[in-house]
Amino acid sequence: MTDGSARAAEAGAPQAGARYGRILLKLSGEALLGSRQYGVDPETCVFIAREVRIAVERGVQVAIVIGGGNIFRGLAASARGMDRATGDYMGMLATVMNGLALQDAMEKAGVESRVMSAIGMNEVAEPYIRRRAVRHLEKGRLIILAAGTGNPYFTTDTAAALRAVEIGAEVLLKATKVDGVYSADPVLDADAVRFDDLTYTEVLSRRLAVLDSTATSLCMDNDMPILVFDINGEGNISRAALGEPVGTLIHGGTNA
């Protein structure tokens, strides 16, 4: 049995029309901004919740890792003189705030949800325990995994890759502002070429800005496919979660 087949067996079979039984969706903090310059846009949270609900109703088990860049970014603060570890811990707290906002939207959309934090704060979120997280998924609950890995110097991209492997997800969905992976920034370079699929090695060797190198290497070592897609397109989140063609697939080169 391949690693992917083993993860599918652990997750349980999805309903007809859904390719994946269990997914991890990585959302940046900026994905919650909407048209705002700072903070959380409630309408954007409602949009995301509506899209995710479609996948949940089709039997897909969904975990979400959320960033905090819309509120605070530790690396940027470090560049301005703040201690990096302190800045990263502040960023982790920002992800918990985002997680609570997203949970509220999910619950209002009828999706039972749990926020799980890598940093202990029992009054507002459950502690992240892998077996408990998997149990929530098996019971049909959506889980929002906040506070990154709980350690400074690690990005939420790395947290997403780590959690995807830990919970036995079949794919890591990376939501971005563009419709896939390009050879260069398509906003700055009109000649940038979009890829339909790539291997992990190609992403690392070309230094493509998809995930950080630690996250990409972790996915490569554990044969975790990565799907990069545009979060703003109507229906894209649900399409990606259900395994429909969208965005750029990053894989090991033998199972695309």
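What to note about this one:
- Qualifying chymotrypsin sites (Phe, Trp or Tyr not before Pro) for region 107-181 [loop in DSSP, other Cβ within 10 Å: at most 15]: Tyr153
- Using R0 = 22 Å, the C-beta based FRET efficiency linking Val187 and Glu30 works out to 0.95.
- Global form of the chain, assessed from the alpha-carbon gyration tensor, a/c cut-off 1.5: rounded
- Shape of region 189-256, Cα gyration tensor, a/c cut at 1.5: oblate
- Around Ser117: net Lys/Arg minus Asp/Glu count, Cβ-Cβ under 14 Å: +2
- Mean residue ellipticity (222 nm) of the chain, computed from DSSP H runs ≥ 4 via -39,500 (n - 2.57), nearest 500: -11500 deg cm²/dmol
- Theoretical gain in end-to-end length, Glu138 to Thr86 [0.36 nm per residue, Cα-Cα removed]: 15.2 nm
- If both residues of a DSSP beta bridge must be in the chain, then about 15% of such bridges are antiparallel.
- Label-point gap, in nm, between Val124 and Glu244 - each point 7 angstrom along Cα→Cβ: 3.6 nm
- Qualifying trypsin sites (Lys or Arg not before Pro) in region 108-146, where qualification requires a DSSP coil assignment and no more than 12 other C-beta atoms within 10 Å, comprise Lys139.
- Cα-based shape type of region 121-161, given that a ≥ b ≥ c are square roots of the gyration tensor eigenvalues and the cut on a/c is 1.5: oblate
- Length gained on full extension, Thr214 to Asp41, computed as 0.36 nm times the residue gap minus the Cα-Cα distance: 59.3 nm.
- Computed from point charges on the beta carbon alone (+1 for Lys and Arg, -1 for Asp and Glu), the dipole magnitude for region 18-136 about its Cα centre is near 520 Debye.
- Rounded to 0.05, the FRET efficiency of the Asp223 and Asp196 pair, given R0 = 22 Å and the Cβ-Cβ distance, is 0.65.
- Cα lying deepest toward the dipole's positive end in region 17-122, options Asn98, Ala85, Ile64, charges on Cβ: Ile64
- The longest stretch of the chain left intact once loop-based GluC sites (Glu not before Pro) with at most 10 other Cβ atoms within 10 Å are removed from consideration, loops following DSSP, is 1-122.
- When a 1.4 Å probe is rolled over the protein heavy atoms, the share of accessible surface on the chain that falls to carbon and sulfur comes to 50 percent.
- Computed about its Cα centre, the charge dipole of region 145-256 is approximately 200 debye, with only Lys, Arg, Asp and Glu carrying charge at their Cβ.
- Dipole check for the chain: with +1 at the C-beta of Lys and Arg, -1 at the C-beta of Asp and Glu, and the Cα centre as origin, the magnitude is about 580 Debye.
- Solvent-accessible heavy-atom area per residue, rounded to whole Å², over the chain at 1.4 Å: 46 Å²
The values are calculated or read from the model by the stated rules, or taken from the named source; none is laboratory data. All values derive from a computational prediction rather than experimental measurement. A quick note on method: Cβ atoms are made from the backbone with ideal geometry, for glycine too, and the neighbour counts reach across all protein chains shown. In case anyone asks, the SASA skips ligands and DNA or RNA and just uses the protein heavy atoms, side chains included. Shrake-Rupley method; radii C 1.70, N 1.55, O 1.52, S 1.80 Å.
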